[in-house]
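Report on the structure given below.
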Amino acid sequence: MQSICLTNLIERIYSMIRTSLTTISLVLLFAVSSFAMPATEGCGSQECSKCHSLTVKEAGDLLSFAGVTVKSVKPAPSHGMHEVLFQKDGGVGIVFIDYGKKHLIQGMIIDLKTKEPVAAHEKDIPKPKQFSGLDPKLIPVQYAMVMGNPKAAKKLYVFTDPDCPYCRTLHPELQKLEKMMPDLAIHIMLYPLQQLHPQAYDKARTVLSTKSRKNLDLAFEGKELPKPKGDAGKAGVDAVIQFAQEQGINGTPMVLLPNGKPYQGQRTADALKAALSSN
């Protein structure tokens, strides 16, 4: 199995509850019953929703500071909380509000038996695309850094993050590969995983805005780069991030063969050359 840096802290879990601009931290709620009201206040053996309610309007008022639109409120899978489905900038996510309407909980509830996330709004949360390849003509190569021969007919596409340790291991192999195959264009698509590597975004912008091969290599050597000026490189890096996410590319490095299919072999120059020779 290949090692990759995932765009999410735990991809299988986080992918269920994804927002475009809101980062949801992982919280394991082992003792959420502490949020429930004691029996003397009227819950007892009754259905909790009969005693405790939260309307969409109330939830919207409570979350107004976050600039979100509340779409629905349901009882959470664990007692003592309301589960709130919200929308922001085209993305959706969930948060929890306790019955006392005093605490906001960001995260998700994990079933300790199945080790799977559970959510009352599970059907309302879009599932991420499973990546199996793409049409290489769609790749925004105008925002690529090209290693090797830019005019070569044979192309390799690499979605990579300068701060991803696996990407840093791959980069020297790509340097070897470009010498082994002079008729190959290696399109480096800088795809910083900001949740894991917060410094990678500015590094990608600097490399792309300067179009400097030296900066590209220094970035993957872990060396410091000058900060980007103004919005330099932002449009290109943002375009690559958006494209990768839309296509379901959830980790780095992602190596695509000339036909757009993901490469599954060893990440060595020799193995890549063999795969390219037969593709």
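What follows is calculated from the coordinates using simple rules that are stated; it is not laboratory data. Keep in mind that this is a model prediction, so the values were computed, not measured. FYI the Cβ positions are ideal-geometry reconstructions off the backbone, even for glycines, and counts take in every protein chain you see.
When both bridge partners sit in segment 46-200, DSSP labels roughly 75% of those beta bridges antiparallel. Note on segment 136-277: dipole from Cβ charges, positive end direction compared against LEU256, ALA232, ILE186; the farthest Cα belongs to ILE186. Of all lysines in the structure, those lying under 19 Å Cα to Cα from LYS151, and not within fewer than 8 positions of it along the same chain, are LYS137, LYS176, LYS179, LYS211, LYS273. Neighbours of THR268, meaning other residues whose beta-carbon lies under 10 angstrom from its beta-carbon, give a summed charge of +1 when Lys and Arg score +1 and Asp and Glu score -1. With R₀ set to 25 Å, the beta-carbon distance separating ALA232 from GLN175 gives a calculated FRET efficiency near 0.45. Footprinting exposure proxy ranking of ASP270, ASP202, fewest other C-beta atoms within 10 angstrom first, gives ASP270, ASP202. Note down the net charge around LYS71, summing +1 for each Lys or Arg and -1 for each Asp or Glu among other residues with Cβ under 13 Å from its Cβ. Combined, the nearby Lys, Arg, Asp and Glu give +2.
Positive contributions from Lys and Arg (+1) and negative ones from Asp and Glu (-1), summed over other residues with Cβ under 9 Å from the Cβ of PRO253, come out at 0.
Dipole magnitude for segment 86-129: about 40 debye, using +1 per Lys or Arg Cβ and -1 per Asp or Glu Cβ, origin at the Cα centre. When each of PHE159, PHE65 is scored by the number of other beta-carbon atoms lying within 10 Å, the sequence from fewest to most is PHE65, PHE159.
Estimated at 0.36 nm per residue, the fully extended path between THR114 and GLN130 surpasses their Cα-Cα distance by 3.6 nm. By the count of neighbouring beta-carbon atoms within 10 Å, fewest first, CYS164, CYS51, CYS5 end up ordered CYS51, CYS5, CYS164. Given +1 at the Cβ of Lys and Arg, -1 at the Cβ of Asp and Glu and no other charges, the dipole of segment 119-237 around its Cα centre is 340 debye to the nearest 20. Please give, to one decimal in nm, the separation of the simple spin-label points placed at GLN195 and GLU224, each 7 Å out from Cα toward the Cβ. According to this spin-label approximation, the distance is 3.0 nm. Can you find, among PRO150, CYS164, LEU138, the residue farthest towards the positive end of the dipole of segment 110-194? Put +1 on the C-beta of Lys and Arg, -1 on that of Asp and Glu. Projecting each Cα onto the dipole axis, the largest value belongs to PRO150. Give the percent of DSSP beta bridges with both residues in segment 136-277 that are antiparallel, rounded to the nearest 5. Just about 55 percent of them are antiparallel.
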